[in-house]
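Structure first, then comments.
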Amino acid sequence: MADQPVLGELPDQRAVFRRAAPWLRGHRVALAAAVLLNLAGAALAVGVTAAIGRVVDAADDGDREALVGRVLLLLVAVAATGVLTWASRYWLIRVGERVLAGLREHATAAVGGAPLRFVEAHRGGELLRRLTGELDGLARFAGGTLPDLVAAALVLVFTVVMLALYSWPLTLALLIGFLPPAVLIVRRFQRRAGDAYAGVAAAETAVAARFAESLPAREQLRISGAVPRWLKRFRADNDRLRAAREREVVTELTLNLLTLLQAGCVAGLLVLSALFVGYGRLSVGVAVVFVLATRDILGRFEDLAASLGEARSAHVRLARLLDLVRATGASPAGGVAGGVDPVGLPARGRLVLTGVGFTYGPGAPVVDGLSLTVAPGERLVVVGPTGAGKSTVGKLLAGLYPPDRGTVTYGGHELTALTARSLRSRIVLVPQEVTLVAGTLGENLAMVAGRPGPGRVAAVLDTLGLSGWVASLPGGLGTPLEADSLSTGERQLVAIARAVLADPAVLVLDEATAGVDRETAARIEDALSAAAGDRALVVIAHRAETVARGHRVLTMPEGTVGGVRR
């Protein structure tokens with residue numbers, strides 16, 4: 001069995017920013033502008049504090065002319081600080097949202113183009129959570145916490161530099177009294193935060209996945225009386241989330257120790273400033289600057305430490321999202337890595353399996369050493385009991401599963417070497433359960449490469465004998481499709497018409513007539529016969545009428561091929 005990447009609950013949190021760097025391409029100029037605006041805003045904010053000290057000194061000296069000039073300068077600085085703060089915050093949020101928009105598109109395209117085995121290996125709620133919940137959390141961080149975090153860090157650094165220029169002994173005393181214990185508190189928080197936030201993210205994913213799995217099965221749960229068992233499982237997931245949240249809260253409360261540290265440092269600095277003023281080492285204005293700046297430093301550090309929790313949570317979210325993109329094989333340039341568009345790929349060609357083997361997990365292979373050729377214009381019927389590997393063969397033929405052993409080729413080219421565009425233009429699979437998107441019937445039919453126009457759609461419907469059925473619908477092609485608005489058989493008709501609009505060389509149908517009445521099954525069979533032409537049809541079926549229409553029959557799990565008795 002080929003190795004299949006599986007997402008773990010706890011993501012790889014190493015070198016997250018280095019791994020995210022490729023997604024910043026195209027935003028470097030905007031990022032540089034954001035950095036410059038934030039630097040200017042932080043410097044001006046610190047300058048306001050220094051200007052207050054100069055105003056106090058002018059008032060203390062009784063110099064009215066200097067006082068008026070310095071007050072006016074202070075007012076201008078305050079106004080300019082407000083403008084720069086708004087501009088820097090807006091620009092940083094703008095850049096962050098654009099980066100996230102690009103990452104959202106890449107991640108969605110990565111999951112959409114991921115190997116089917118990867119998608120099937122994960123719960124639907126897990127992938128949905130990573131595509132929506134993690135990105136929503138990152139968007140909240142980029143729009144709220146990140147600007148505050150950047151501003152606090154820059155103002156903190158500039159303020160320390162300013163104080164050192166005024167009085168390095170007082171600044172050194174402040175740093176010695178505050179920095180070591182503050183660093184210890186923050187490091188203690190950091191040691192616990194990674195596991196705490198990752199645990200919450202994993203628990204939230206489990207709850208979301210449980211909900212996502214229950215909604216499609218809601219009727220079956222009620223009919224079978226399994227609702228209490230489902231609620232028991234949900235309660236276990238919910239208890240896990242509650243416990244994870246409690247660990248997160250306890251971890252975040254560690255940062256409250258900074259408040260006590262801040263109060264002690266402010267009291268100590270007041271005493272030292274008073275002594276320095278008394279001995280003539282500082283002016284009153286400088287002392288005021290030190291008191292104001294110290295409160296600002298400690299407050300900013302506390303804000304910075306408080307933001308670390310959300311920053312750590314965003315770090316985990318980004319790691320989970322990057323793990324998803326990495327596991328799908330997507331590249332920062334977009335799309336999924338691998339595949340070429342070969343020159344001369346025939347519009348109609350032979351589909352050949354040579355010594356193909358496939359295994360889902362430990363144990364016996366589902367397909368073992370299967371060799372088969374499907375020629376243009378041929379109709380191959382695949383039969384066998386449930387679990388014999390019929391659908392697996394269909395997915396191997398359609399290139400949705402790469403074989404563990406052997407090769408699958410079309411027109412002499414291995415399917416694994418083709419791009420998704422080339423592959424889907426030649427081979428299309430219609431699954432047993434057809435999914436329709438919100439929109440009209442015409443919009444669902446047109447969901448193929450090239451966006452066929454109304455004339456092309458009408459021609460295909462007429463060829464398949466479905467024009468009368470479409471005309472019988474309330475709005476024709478404009479009929480809005482909602483949940484359960486079409487029967488199972490009608491969905492199959494839509495899927496077959498959509499597949500024919502793609503004009504593939506090979507059309508694979510997985511139990512197209514299963515679960516429908518004889519009349520609908522006959523309509524589907526007639527549509528298939530009309531769709532055949534010179535294209536190869538691979539039909540997975542169990543109805544005798546369907547088998548009778550085949551040219552050859554592949555019997556699973558034996559993998560033997562024989563003709564159809566007529």
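The values are calculated or read from the model by the stated rules, or taken from the named source; none is laboratory data. What you see is a predicted model, and the numbers here were worked out from it, not measured in a lab. Counting neighbours? That spans all protein chains shown, and the Cβs are built from the backbone with ideal geometry, glycine included. In case anyone asks, the SASA skips ligands and DNA or RNA and just uses the protein heavy atoms, side chains included. Shrake-Rupley method; radii C 1.70, N 1.55, O 1.52, S 1.80 Å.
Can you pull out the GluC sites (Glu not before Pro) in the range 418-497 that DSSP calls coil and that have at most 13 other Cβ atoms within 10 Å?
On the way: sites: Glu433, Glu443, Glu482, Glu490; in loops: Glu433, Glu482.
Here the sparse-neighbourhood loop sites are Glu433, Glu482.
Let's test the formula: R0 of 45 Å, r as the Cβ-Cβ distance of Ala375 and Leu473. What FRET efficiency results, to the nearest 0.05?
Computed FRET efficiency for Ala375 and Leu473 comes out at 0.75.
DSSP H helices in the chain with Cα extent of 27 Å or more along the helix axis and mean Kyte-Doolittle hydropathy at least 1.0? Present the calculation step by step, with values, prior to reporting the outcome.
Numbers: long enough: 28-61 (49 Å, 1.34); 64-112 (71 Å, 0.81); 146-166 (30 Å, 2.31); 168-214 (65 Å, 0.67); 227-253 (38 Å, -1.01); 257-278 (32 Å, 2.16); 284-328 (64 Å, 0.72).
Helices meeting the criterion: 28-61, 146-166, 257-278.
Taking 0.36 nm per intervening residue step and subtracting the Cα-Cα distance, what contour gain separates Arg25 from Asp12 on full extension?
Full extension of this stretch gives 2.4 nm more.
How large is the accessible surface per residue of the range 218-286, computed with a 1.4 Å probe and reported in Å² as a whole number?
With all protein chains present, the range 218-286 gives 69 Å² per residue.
Given R₀ = 60 Å, FRET efficiency for Asp63-Ala109 by Cβ-Cβ distance, to 0.05?
With a Förster radius of 60 Å, E is 0.35.
Round to a whole number: what % of the accessible area of the range 2-94 belongs to carbon and sulfur, probe 1.4 Å?
67
Could you point to the residue in Gly82, Ala398, Leu163 farthest towards the positive end of the chain's charge dipole, with +1 and -1 charges on the Cβ of Lys/Arg and Asp/Glu respectively?
Farthest towards the positive end: Ala398.
Return the inverse of the average 1/r over all pairs of distinct C-alpha atoms in the range 49-195, which is the Kirkwood hydrodynamic radius, in Å to one decimal.
20.3
Is the shape of the chain best called rounded, prolate or oblate, per the rule: a/c under 1.5 gives rounded, else a/b larger than b/c gives prolate, else oblate, with a ≥ b ≥ c the square roots of the Cα gyration tensor eigenvalues?
prolate
Taking the Cα centre of the range 10-121 as origin, work out the dipole magnitude from +1 charges on Lys and Arg Cβ and -1 charges on Asp and Glu Cβ, in debye rounded to 20.
Working: 13 positive and 9 negative charges, 152 e Å.
Dipole magnitude for the range 10-121 comes out near 740 debye.
Go through Val448, Gly285, Leu322 and say which Cα lies farthest out towards the positive end of the charge dipole of the chain; charges sit on Cβ, +1 for Lys and Arg, -1 for Asp and Glu.
Checking the options against the dipole of the chain, the answer is Leu322.
For Leu231 and Ala79, compute 0.36 nm times the residue count separating them, minus their Cα-Cα distance, and round to one decimal in nm.
48.9 nm
If R₀ is 35 angstrom, what is the calculated FRET efficiency for the pair Arg456 and Ala311, using the beta carbon separation as r and rounding to 0.05? All intermediate terms of the calculation are to be shown ahead of the outcome.
On the way: r = 53 Å, r/R0 = 1.51.
Once the sixth-power term is evaluated, E becomes 0.10.
Report, in deg cm²/dmol and to the nearest 500, the calculated mean residue ellipticity at 222 nm for the chain, where each DSSP H run with n ≥ 4 adds -39500 (n - 2.57) and the sum is divided by the residue count.
Computed mean residue ellipticity for the chain: -20500 deg cm²/dmol.
In Å and on Cα atoms, what radius of gyration and Dmax does the range 186-322 show?
For the range 186-322, the Cα radius of gyration and maximum Cα-Cα distance read 24.8, 87 Å.
Taking the Cα centre of the range 145-304 as the origin and placing charges on Cβ (Lys, Arg +1; Asp, Glu -1), which of Phe276, Leu172, Ala208 is farthest toward the positive end of the dipole?
Ala208
For the chain, what is the charge dipole size about the Cα centre, in debye to the nearest 20, if Lys and Arg each add +1 at the Cβ and Asp and Glu each add -1 at the Cβ?
On the way: 60 positive and 50 negative charges, 139 e Å.
For this selection, approximately 660 debye.
With contacts defined as alpha carbon pairs under 8 Å and 6 or more residues apart, what's the relative contact order of the chain in percent?
So the answer I get is 16 percent.
How far, in nm, would the chain grow between Val437 and Leu165 when pulled straight, counting 0.36 nm per residue and subtracting the alpha carbon separation?
Details: separation 272, 0.36 × 272 = 97.92 nm, distance 6.55 nm.
Extra length from Val437 to Leu165 when fully extended: 91.4 nm.
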